[in-house]
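The values are calculated or read from the model by the stated rules, or taken from the named source; none is laboratory data. Small disclaimer: the values here were computed from a predicted structure and weren't measured. We place every Cβ from the backbone using ideal geometry, glycine too, and count neighbours over all the protein chains shown. What goes into the accessible areas is simple: the full protein's heavy atoms, side chains included, and nothing from ligands, DNA or RNA. Shrake-Rupley method; radii C 1.70, N 1.55, O 1.52, S 1.80 Å.
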Amino acid sequence: PPKQLFLGVDGGGSHTRVVLADEGGCELARATGPATNPYTVGFDRACLNLRRTVETVLKQNRQGGRKDLNQADIATVASPCTAAFFAIAGLKTREDKHRLRACLETEKWAKRFGVGDDAHGAWAGALGGKSGLVILCGTGSKVYGVTAKNRVIEVGGYGYLLGDEGSGTWMGLSALRRVVQAEQGRSQSTLLTRLILEHLQLSTVPDLVNWTYAKRRSSRDFAGLFPFVAEAARQGDVAATEIIEGAARELAGL
């Protein structure tokens, strides 16, 4: 009989990963595409990015992307997958999931579709469906788990304006605030000032105002400052070290 195929999608606020595998767990193809968090890029753009990334994976297999596949394996890719699960960041409400599902089901990629948030996908991938917790800390932050009695536990995940404590975005914004405080004499000087201004190609700390409040500034922009927090902390900077320690406390609190 033809092999059953399964499509897995992990979509975030920075990038999206898609993998196609068979029933034995053999990976047939994978691709990485742009962000698909609908609250980062919008629902229309999220659906478009998903389509392009998934089609890249399917095309890759039709063309024999894996050298160890035979023609029979490649031919099965033309038929719908047995099931596909889309674990997409930002899907908080039932309406969000329904809207995304309605967009995806028109593609006929799979006989069955599952839609959930990226935290559910991380939990399933890390623990194989068993009870336990996962801590997500990237652009945003969240703790997600399932108890032995199958009760779902979720804390965090409300975006950087309402939450995302301890995340890359939280640390990036904290760094900007510490730079401003140091400039105004409210805290000691910090290496973060030079590192961030050089990265953003700005001359003075007041120039941060226009950069920070520019239109279409996203959480990814602030999270992108975290590498400079890490670098400053490695060099012993007090402010940067306190930011990272504060992030750890916030995650522990979640």
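Proximity of backbone amide H atoms, modeled 1.01 Å from N, is registered between residue 110 and 81 at under 5 Å, excluding neighbours fewer than 5 places apart on the same chain.
The string of couplings for the range 178-186 from the Karplus curve (6.51, -1.76, 1.60, θ = phi - 60°) is 5, 5, 5, 4, 5, 4, 8, x, 8 Hz, one whole number per residue in order, with x for Gly and Pro. Only Cα sites of the range 156-213 enter the Debye sum here, all with the same form factor; the resulting log10 I(q)/I(0) across q = 0.24, 0.26 1/Å is -0.98, -1.06, listed in q order.
Report the chymotrypsin sites (Phe, Trp or Tyr not before Pro) located in the range 147-254 that are in a DSSP loop and have at most 13 other Cβ atoms inside 10 Å of their Cβ, or state none.
Values: sites: 158, 160, 170, 211, 213, 222, 228; in loops: 158, 160, 213.
Passing sites in the range 147-254 are 213.
For the chain, the dipole from Cβ point charges (+1 on Lys and Arg, -1 on Asp and Glu) about the Cα centre works out to 680 debye, to the nearest 20.
Which label marks the calculated value of mean projected area of the Cα convex hull in nm², given the options [x] 16.4; [y] 12.8; [z] 22.9? Computing mean projected area of the Cα convex hull in nm² and matching it to [x] 16.4; [y] 12.8; [z] 22.9 gives [x]. For the chain, the carbon plus sulfur part of the accessible surface works out to 51%, probe radius 1.4 Å.
3J(HN,Hα) along the range 133-148, derived from phi through the Karplus expression 6.51 cos²θ - 1.76 cosθ + 1.60 where θ = phi - 60°, amounts to 10, 10, 10, 9, 9, x, 4, x, 8, 5, 10, 9, x, 10, 7, 4 Hz, with x in place of Gly and Pro.
Taking every DSSP bridge with both residues inside the chain, close to 70 percent are antiparallel.
Which one of 148, 87, 110 has the biggest mean-square fluctuation once the chain is modelled by GNM with Cα springs under 10 Å? It is 148. Restricting the trypsin sites (Lys or Arg not before Pro) of the range 149-229 to loop positions (DSSP other than H, G, I, E, B) with no more than 12 neighbouring Cβ atoms within 10 Å leaves 149, 151, 186, 215, 216, 217. Axis angle, to the nearest 10 degrees, between helix 191-200 and the longest C-alpha principal axis of the chain: 60 degrees. Structure remark: mean-square fluctuation, Gaussian network model of the chain, C-alpha springs under 10 Å; the largest value among 37, 49, 210 belongs to 210. With contributions of -39500 (n - 2.57) from each DSSP H run of at least four residues, the per-residue ellipticity at 222 nm computed over the chain stands at -13500 deg cm²/dmol.
On a per residue basis, the chain carries 55 Å² of accessible surface, using protein heavy atoms and a 1.4 Å probe.
For the range 83-124, rounded, prolate or oblate, judged on the Cα gyration tensor with a ≥ b ≥ c (square roots of eigenvalues), a/c < 1.5 rounded, else prolate if a/b > b/c?
Working: a/c = 2.76, a/b = 1.29, b/c = 2.14.
Oblate, because a/c is 1.5 or more while a/b does not exceed b/c.
Normalised by the number of residues in the chain, the average gap of Cα pairs under 8 Å and 6 or more apart makes the relative contact order 14 percent.
Any idea what % of Cα-Cα pairs in the range 98-206 are farther than 15 Å? Working shown, then result.
On the way: 4317 of 5886 pairs.
It works out to 73 percent of all Cα pairs.
Could you tell me which of rounded, prolate or oblate describes the range 191-254, using a ≥ b ≥ c as the square roots of the eigenvalues of the alpha-carbon gyration tensor, with rounded for a/c under 1.5 and, failing that, prolate when a/b is larger than b/c and oblate otherwise? Can you show the working numbers first?
Working: a/c = 2.56, a/b = 1.36, b/c = 1.89.
Since a/c reaches 1.5 but b/c is at least a/b, the shape of the range 191-254 is classed as oblate.
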